[in-house]
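One structure is given below, encoded as structure tokens.
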Amino acid sequence: MIIVTGTIAYDYIMDFPGKFGDHILPHQIHNINLSFIVNKFARRRGGTAGNVSYSLGLLKTPHTLFSVAGKDFDDYKKAFKKLNIDTDHVLVDKSNYTSTGFAMTDKKDNQIWGYFYGAAEKISKLNLKNIATKKDIVLIGPSGAKGSLSFVKQCVDLKSSYVFDPGFILTQVNDNDLEFGVGHCNFLIGNDYEINLIKKRVKKWKSMFKNKTVITTLGEKGSKIECNGISYNIKPAKPKKVVDPTGAGDAWRAGFLAGMEKGFDLKTCGGMGSVASSFAVEEYGTQEHKFSTKDFENRYRQTYKSLLDL
């Protein structure tokens, strides 16, 4: 069984029609005071755990959503019930609001985020031993440094396999904690910038990475999966249109995990990740895309000239 950790959130998504770089003066980078007029705005369900769970639901992949939401969780919960996603293991903190993210994207797809953790502050109090076994695989998604490291330590104690996704907490954790999380994980995932930063911060990363599956997402260039000295370059699946890149990485993770749950090889899992992310960028928001398993199989076949049986 897949256990998905991370945040459940509501996202406020905005589009800036210009380029951030045109308004940032290099010699004044220490003294930034900017405002941007946006031309598009929407409130959407989001959060890393919620986004991954949503796409897993579309892929009809059994999993456990394990996170914390706030007193405003009802609408979110109703939407997930329609996808038969089990929310029984989501702790509802009735004294706080669900985490809230504020994202602004410019016309070059650069993003600036602001984030209010809210109820997610209690993620570190969740106890994996109540639901996890050695046969499960845990996605340790961004949960703040305290929450993510708590799950890492619990997985190590339980001897559970885990996917470590530390990108959002790299500025919050020290090198020792980062090395501990990387050193014990079975899968490490991040974009090219994050993986390169991890390599700089983790001692002897070459030997440490040797027995792990390292996944580097490359945006519109696809992804790369390295395992046991073998490297798989996964070409991107082509979307019908590109509307919003927000959430594409979470959809990629869902596609990959769905493939793992079905016992597919790494190359096929990577292809499933790319296909899932291609659907995500076609809509404005992280949980607005929709596809049937037949739609998914067809796009996989068109992209990789290979059949996929879900």
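None of the figures in this text is laboratory data; all of them are computed from the coordinates on show. A quick note: this is a predicted structure, and the numbers were derived from the prediction, not measured. Quick reminder, even Gly has a Cβ in these numbers, built from the backbone with ideal geometry, and neighbours come from all protein chains shown.
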ask   = Rounded to the nearest 0.05, what FRET efficiency is calculated for R301 and R43 with R0 set to 35 Å and r the Cβ-Cβ distance?
value = 0.45
remark   = Rg (one decimal) and Dmax (whole number) from the Cα set of region 77-161, in Å, equal 15.6, 45
request  = Just check region 111-198 against the gyration tensor rule for me: Cα atoms, a ≥ b ≥ c as the square roots of the eigenvalues, rounded for a/c under 1.5, and otherwise prolate or oblate depending on whether a/b exceeds b/c.
outcome  = oblate
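Round to the nearest 0.05 the FRET efficiency obtained for L91 and F116 when R0 = 22 Å and r is the Cβ-Cβ distance.
Values: r = 18 Å, r/R0 = 0.81.
Taking R0 as 22 Å, the efficiency between L91 and F116 is 0.80.
If you take every residue apart from A132 with its C-beta less than 14 Å away from the C-beta of A132, what net charge results, scoring Lys and Arg +1 and Asp and Glu -1? Write out the running numbers ahead of the final one.
Values: positive: K129, K134, K135, K153, K159; negative: D136, D157.
Neighbour charge sum, excluding A132 itself: +3.
Sort 199-209, 102-112 by the packing proxy (mean of other Cβ within 10 Å over each peptide's residues), most packed first.
On the way: 199-209: 13.5, 102-112: 15.4.
Listed from highest to lowest mean packing, they are 102-112, 199-209.
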query = What does the charge count near D22 come to, summing +1 for each Lys or Arg and -1 for each Asp or Glu among other residues with Cβ under 12 Å from its Cβ?
reply = +2
message = Sorting check: for 71-84, 136-149, which peptide has the highest mean count of neighbouring beta carbons within 10 Å, and how do the rest follow?
response = 136-149, 71-84
query = Past the 26 Å Cα-Cα mark, which pairs from K81/K221; K206/K262; K77/K235; K60/K238?
reply = K81/K221; K206/K262; K77/K235
ask   = Across 20 Å bins from 0, what is the distribution of all Cα-Cα pair distances for the chain, in whole percents?
value = 33, 61, 6
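Applying a 10 Å radius around every beta-carbon, put 166-179, 214-227 in order of their mean neighbour count, most first. Show your work: numbers first, answer last.
Numbers: 166-179: 16.6, 214-227: 19.2.
Final packing ranking: 214-227, 166-179.
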message = Can you classify region 152-310 as rounded, prolate or oblate using the Cα gyration tensor, where a ≥ b ≥ c are the square roots of its eigenvalues, rounded means a/c under 1.5, and otherwise it's prolate if a/b beats b/c and oblate if not?
response = prolate
Gap separating the Cα centres of region 106-123 and region 242-262, nearest whole Å = 18 Å
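Take the Cβ-Cβ distance between V156 and K200 as r, set R0 to 22 Å, and report the resulting FRET efficiency rounded to the nearest 0.05.
On the way: r = 24 Å, r/R0 = 1.08.
It comes out at approximately 0.40.
Count charges around G181 for me, please; just the other residues with Cβ under 12 Å from its Cβ, Lys/Arg as +1, Asp/Glu as -1.
Numbers: positive: K153, R201, K212; negative: D165, D175, D177, E179.
Overall, the nearby charge balance is -1.
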